[in-house]
Amino acid sequence: MRTHYRTIFTISILALTSVLPLRASDASLPDAPSASQSQAAAPTQDSSKVYHQNTPPAAVGGRFSVDRSVIDWKYSSLTGSMFGASVINAELTARCIEQKTCSFLPPALSSRTAMYGIGIPADFAVAYLSYRMKRRHNPLWILPEALVTGANIYVGVHSWRRIK
């Protein structure tokens, strides 16, 4: 039992010491014991060109980075309303099918799992299409998401009217 308390005590001490900030006088010390002030000096301009030429800055991201100028308030609100309309449509249609008052869906798509399994990935694809269009400054970037949102609202209202 004593070993258990010693382990907890040791882990607590290590956690506390790793969180404590360095003193200001320690900031001038080199990272490694073998490093000296002459090695820690800034590299010359010629050597920095060799190491950093043709590389993107770390904050830019890689191949799948998101352009923050594209995802603004308009894009986010339109995409959010598209996903919201899809969820409302799926729920109202599922209730309508449970009450057996709707028959416009084929039997393979009559479950909630099937509706969400097709609807949500389709919404992601439409959101990506709109993102790409907006990034290329296409003025019609609103159209795909607006059409899907309108279709979901139309089918949702149709299902809502048939619910008892």
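For this structure, a couple of remarks:
- Net charge contributed by nearby residues that have their C-beta within less than 14 Å of Tyr154 (K/R +1, D/E -1): +2
- Inter-label distance, nm, simple model (7 Å from Cα along the C-beta direction), Val87/Trp73: 2.3 nm
- Distance between the pseudo-spin-label points of Thr113 and Val157 (7 Å out from Cα toward the beta carbon): 3.3 nm.
- Listed peptides 110-116, 78-84 by packing density, highest first (mean Cβ within 10 Å): 78-84, 110-116
- Dipole of segment 61-134 [Lys/Arg +1, Asp/Glu -1 at C-beta], most positive-end residue of Ala108, Phe124, Ser69: Ser69
- Å² of accessible area per residue within segment 70-161, as computed with a 1.4 Å probe and no ligands counted: 61 Å²
The values are calculated or read from the model by the stated rules, or taken from the named source; none is laboratory data. These figures come from a predicted structure and were not determined experimentally. Note that we place each Cβ from the backbone using ideal geometry, even for glycine, and neighbour counts take in every protein chain shown. These accessible areas exclude ligands, DNA and RNA; they are computed on the full protein's heavy atoms, side chains included. Shrake-Rupley method; radii C 1.70, N 1.55, O 1.52, S 1.80 Å.
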